[in-house]
Structure formats: structure tokens, C-alpha cells
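Below: the structure, in C-alpha cells.
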Protein chains: 2
Amino acid sequence: MEDVAARAGVSRALVSLVFNDSPKVSERRRAAVLAAAAELGYQPHAMAKALASRTSTVLGVLVSDLRNTFFADVIEGLDGAATQAGFELVLNTGSRSPAREADALRRLLSFRPAGVVLLSPVLAASAIAAAARRVPVVLVSRGSRQPGVDTVNDDGVSGARLAVEHLISLGHRRIAHLDGGTATAAAARRKGYRQAMAAHDLPARVLPSEHTDTAGEKAVRALLGTVEGDDVPTALFAGNDFNAFGAISALEEAGLRVPEDVSVVGYDNTSLAALRRVSLTTVDQPRMEMGRLAVETLLERVRGERAEPVRQLLRPTLVVRGTTCPPSGSD
Amino acid sequence: MEDVAARAGVSRALVSLVFNDSPKVSERRRAAVLAAAAELGYQPHAMAKALASRTSTVLGVLVSDLRNTFFADVIEGLDGAATQAGFELVLNTGSRSPAREADALRRLLSFRPAGVVLLSPVLAASAIAAAARRVPVVLVSRGSRQPGVDTVNDDGVSGARLAVEHLISLGHRRIAHLDGGTATAAAARRKGYRQAMAAHDLPARVLPSEHTDTAGEKAVRALLGTVEGDDVPTALFAGNDFNAFGAISALEEAGLRVPEDVSVVGYDNTSLAALRRVSLTTVDQPRMEMGRLAVETLLERVRGERAEPVRQLLRPTLVVRGTTCPPSGSD
DNA sequence: GATCGAGATTGGAGCGCTCTATTGAGTAGA
DNA sequence: TCTACTCAATAGAGCGCTCCAATCTCGATC
């Protein structure tokens, strides 16, 4: 910087002004500085700048599991929004261990980020609160009633309702839900299913299962083993796509056609669902949008535009593909 | 830091030594400093440290497409190795545009990282060379003959050979390859297929296709439409898992059973392949290992242990599942 | 031509830390 | 008791930048 200033025949301070697009720099000097910088290959030092200006262009991101496509998509959204706002992402993984997450968070904070995004952390609530006292924090895919913490979540209740309403509008009446058990997202989806069924005076039927294909198979086999003809549901709302895929396998194995005999809806819109052969009707979470919104929510707080916590609940959308149709016998 | 020093009754320099685990600090002082730091909630400032020590604990990561699970897995590996070595990841995405990637790289470099990892960038070679002049660079999933640049790649040739040798050892003779066309990884896989077939004096048969399920379906339909009975391959080596999945669909549609009539091998070991219903035999790239190795390779250069470029080629492994068996009619 | 004021420019302190050289306190040997 | 060392601790400069207050420049005004 010193050298650039010397070469352009100006002071260091002026170089700083030029690189920060200050309006109070004459065109002549600006050109001279830019030229000198180009010749010398000068590039400002982000860390020195952060230190001197006491501001940070860093956003910390703590992700519990990157290998999950869900988070990868969210981070893509984070990155886009951060880049646009002039921020960089510092990324750390906690490998699903509270202790490692706490350590990762500590290291993140040592960079004095402008804010921190926590993606579905398993971290103790107290640790989150402690972080929130030092820096703005936004939580994705995990609730919180902490005062200094904003949250961004998929509205699983309305997503499930979307799926069930779709089935009902097709004419289905006997619709069962393959439950996700203890999975984080399962409770909301179950609730949405129950709400939708109740709203139409239909009996809810929740079959215990899990968010895997084998569990889906097993649950359907168990179902078919216990019910007879007219009591078999004409539609299934699965806890997620993997579960739906297992369920479809078991149905076909039992000689039932999908969707002619039984319609199936999944949740998550994984790459699996898009496969031509599978062509699964499913609920899509706006993952990148969640990332984008997380950054925007965070920056509002960073810029001091808001102090009260905000709870963002994003509307998922239904992707209708080939595993749903009206029940046989209807119209 | 000033405050901590005062509270512990020592100098600032001593606090610095304590936080850097210097051996030349008496136990008494160390304890005093640590206690004072805990009381005051002091945490060292990573950026100030970097600035003063002229060293960096940052590794820049430029990823072309995070949404691709492949990269997410690699990054997981990067993160693990980086954390272990005491480095943090600064992440940027280029969204497959050379211009945006160049900009992202520039921003990455403004943090004066100790090194940079480029994941399958579409960046111009000259831009990579320019970066390599300023900082150690390692390239993942893209070759380079630049002197200052190390590379880490999956050995697609031996991966393909692994798949084909497996089929041959099962007794297959008529093995066709569903080609990946212009996809980056396709050439190596095609080459490996050809090598393995030639090594056993078997005629190679490359069917043009692409790395998608629909392309796999189409290619198999085309194949079945042109060949008669005895000329139908008993095994297919698909360019990747999606392609294999499409191929399987088309085979079953034509009344051929997998694997009894036709064995199928994929490539990539996606989550799809592990589904119980699919249970695809496929080739697994050591993705996390690639990330880990990328960091280690980078750090060798960072520490100045090596100056000559290194070309890491990782051996993929075969995951045998349910889509391969001996051809009917054999033994 | 002197004065004023607005805009352009600059000096210098300081962000939180490290690092070199130096001082201080013991300790052992003569 | 004195010198020679060693190990522990410190002072102070400086990393690359920003930002405040101070200064300079120059056209407009009287």
C-alpha cells in the first residue's frame, strides 16, 4: 500500500479511500492510484482492513453435516446472498458432536465474524445463547426461543398439509401417514397430516416408521399383513422420499400398482424423486431460499436494523409427479 | 489482552506466549494468565494474530458446485483435515462461470490464505497459474501441468478396470459400456473399460450415452432395438449410477431381469445405489479421502517441505451389491 | 486582492496481536 | 563473593490498514 501511494504520488490514506470507493476523491487521483495498484499487483489485505476498521466481512457457518444434500443446498443459498452483500463464509463442521461443535464455534468466533449461521446444530442451547451475546446468530432448521437468536425453518406442518390436501382433492379418503419417528422434522409433518385429515373429517392413521427406505418397506409390509381389502389405504403420505421409495417397493412386491392402486407422496424432493423411473410426487423445501433468507435475516441484525428476534417459516411447495392419481373406483 | 495481562500481573507478551503454548512460561504465570482470561472471557483475535505473525490459518476453498454431493463429501474431508491441522476454511462458490470464479478467487486471496483448494474449477489455466504464484494451490478433479500446482484426482481408469474385471471374473464376455460423452470423468472410465477388455482379448463395445437416467434408458432401448438374441450383452458398465439406473429400468421394461439376464455396474456410489431396492454394484470414489489428501498435499507445500508438483491419483474401490452375478448359462 | 468555505488530501494514532532484542532473576562453578 | 550462564519475563516496534482531525487548494464572493 505504501508502495502504491508512493508510485501514485499520494498518501496512504488516499489509497485507502480509493479502494473503499469514497466519493471524495478526485477522478485524477483515483485513476493514478488504480494505475499504480495495477502495475504493482496490489490487492488490499482483508484481515488488516477488518482489524483497522473494526468491522468484519466474515460470516461464520457451522454445519452439522455437510454430506446431507439439504445443507449443501442451504449453503449454496448462503454463499450467494453473502457474496452479493460483500461477505465471505468461514465454514466449520461439528460432525454431530456437541463438544466438537462447541469447539468449532469457538474457532469461528475467533475470527470475529459479523454474524454466525448455525445449521441444525446439536449444540447446547446455552452455548448458542453465549454466542448470541457476542455476535448476531441465526439458527436454521432448529427452533429457539432465545431472545437474541433468529430462526429460519421449513414449515413442515403446511408442507404435510399440502401433500394431504393434494391427495384429498384427488378423491382419496383412506390416507395413511408413514411416520418419521424421532427425526427432527417428523413431528411437524405428522401434525400437518393430522390437521389436514381432521379438517376434512377423515380418520387419521399414523403408521410408525422411520426416514429410511428399509423402514418404509417394513411399515408397508406390516400394514398389508394386518388389513384386508377395503381397509387398505388408497394413498400413503411418507415421512420423506427414502421412506416413500421403500414403501413403493413393498407395495409393488405385494402386487399393488402405484399410483393406480395406491398413491404415494414423499417429502424433501431429493434427486431420487426426480428420476424418471421413480417420478415421485413430493414436497420441496426451498433450501437455497432458506440460505438466502438466513443471511438476510442475519444482516438486518448486523446492521442494527432490528433487535427483536424473528422466526422465519418458509412455505414448502408440492411437486406433483407420477406417483399420485385419483383412487380407482372414483368417478 | 491488555486487560488480561494487567489482571494476571504480567506483560502482554507473556499472555501471547501462554496462548501459543510456549514452553518457556512458568507454570505459575501460565495458570494466572489462564485464570484471568477465563474471568474476563478473553479469546484471542485470529485476524490480529494472522496480521502480526505474518502467518495464516486460513485455507481458501473454491468450489464449482456445492449442490453436487461429490463436492460436499470432498469438503467434509477438507474440513476434517484442516481442523486437525489447525486451519479454517473460507469457502466460495463460482457457480460454473469463469468470471465469477475469478472474482471469488480474488476475494479468497484477499484473506491471504496459507493455501487454496480449487474444486473442479472452470477457471482459466492462466488464472490458476497467477494464483499459484502468490500462494500454494491444489486442484481437485481437474488436471494441470502447471509447475506450482498439485492435483488430486480419482483414478477413473483403474476404477473402470475394477468394474470390468469384476464382470469378467464372474464369467461375462459380452460387456458393453454406456459412455458418459463429454462429461469430465467419462474419458478415463472409457479408457479403463477399453484397457480391461483388451487385456482379456474381448471386443469393446462403447454405446454413446450421458450421465443421466434418461440417457441410460434411451441407450439401452436403442441397443435392444438393434441387436438380436445372442448378441445382447450379458453385462453393462454404465458411466455413472444415474445412467445405470436408467439402463436397469429399460432392461426390465424389455422383460430382461437384472442381474439374472444382464448384470449392471454403475460408478460413483451415490445414495441411490445403496437403496435396498436398487442395490447397485458400483465404484466408490474415496471422496472424503480426496479432501483429506488435498489438504495434506497443500500443507506440505505451505510448510515448504516440497516444491515440485505432485499428482495424486486415488484408487477407487468396487462396492459389490445385487446387480451383478454370473451370466446365465455359465457353469 | 483578501477572505471564505467546501472539497480534496494528509499525518499519525491505533486496531490486537507477535517477535526480536533486552533485562531480570536465579543458579552453579570457581 | 564474584562471574558466567540459563531461563523467564518484558519493552517496544511493527503487521497493513482505517479514521479522525488537521491542513491544503482553489474557485467564488465581496
Quick check for me: using +1 on Lys/Arg Cβ and -1 on Asp/Glu Cβ, what's the dipole size of segment A:1-124 about its Cα centre, in debye to the nearest 20? 460 debye
Along the positive direction of the dipole of the protein assembly as shown (beta-carbon charges: Lys, Arg +1; Asp, Glu -1; about the Cα centre), which of A:I75, B:N20, A:G86 reaches farthest? B:N20
Rounded to the nearest whole Å², what accessible area per residue is found for segment B:116-271 with the 1.4 Å probe? 39 Å²
Under a 5 Å amide H to amide H cut-off, with H placed in plane at 1.01 Å, what residues pair with A:L123 once short-range neighbours are removed? none
State, as an integer percentage, the relative contact order of segment B:170-210 based on alpha-carbon contacts under 8 Å between residues 6 or more apart. 57 percent
Accessible heavy-atom area order of A:D155, B:D241, highest first, probe of 1.4 Å: A:D155, B:D241
How high is the relative contact order of chain A, in percent, with contacts defined as C-alpha pairs under 8 Å that are six or more residues apart? 17 percent
Efficiency of FRET between B:R96 and A:D21 - r from beta-carbon atoms, R0 41 angstrom, step 0.05: 0.90
Sequence-separation-based contact order of segment B:156-285, relative, with Cα cut under 8 Å and 6+ spacing, percent: 25 percent
Which number do you get for Rg(Cα) / (2.2 N^0.38 Å) in chain A? 1.31
Computed FRET value (nearest 0.05) for A:N68 with A:E296, which takes r as the C-beta separation and R₀ as 30 Å: 0.85
Which values of log₁₀ I(q)/I(0), to two decimal places, follow from the Debye formula for the protein assembly as shown at q = 0.06 Å⁻¹ with a uniform point scatterer at every Cα? -0.42
For B:K49, counting only lysines whose alpha-carbon sits under 18 Å away and dropping same-chain residues fewer than eight positions off, the answer is A:K49
In Å, the Kirkwood hydrodynamic radius from C-alpha pairs for segment A:193-278 sits at 13.2 Å
Helix-only CD estimate at 222 nm, as mean residue ellipticity for chain A, using -39500 (n - 2.57) per DSSP H run (n ≥ 4): -14000 deg cm²/dmol
What is the distance in Å between the Cα centroid of segment A:166-237 and that of segment B:87-120? 46 Å
Once fully extended, how much extra length lies between B:V227 and B:A124, figured as 0.36 nm per residue of separation less the alpha-carbon to alpha-carbon distance? 32.7 nm
Please name which of B:S141, B:S169, B:G9 has its Cα lying farthest along the dipole of chain B towards the positive end, using unit charges on Cβ (Lys, Arg +1; Asp, Glu -1) and the Cα centre as origin. B:G9
Inter-copy distances for A:S26, label 7 Å out on the Cα-Cβ vector, sorted ascending, nm, one decimal, are 6.2
Report the charge-dipole magnitude of segment A:2-44 in Debye, nearest 20, computed about the Cα centre from +1 at each Lys and Arg Cβ and -1 at each Asp and Glu Cβ. 180 debye
The protein assembly as shown - charge dipole about Cα centre, Lys and Arg +1 at Cβ, Asp and Glu -1, debye rounded to 20: 3020 debye
Most mobile of A:L17, A:L224, A:L170 in a GNM of chain A (Cα contacts under 10 Å): A:L17
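The values are calculated or read from the model by the stated rules, or taken from the named source; none is laboratory data. Fair warning: this is a prediction, and the values are worked out from it, not measured in the lab. In this analysis, Cβ positions are derived from the backbone assuming ideal geometry, glycine residues included, and neighbour counts consider all displayed protein chains. These area figures cover heavy atoms from the full protein model, side chains too; ligands, DNA and RNA do not enter into them. Shrake-Rupley method; radii C 1.70, N 1.55, O 1.52, S 1.80 Å.
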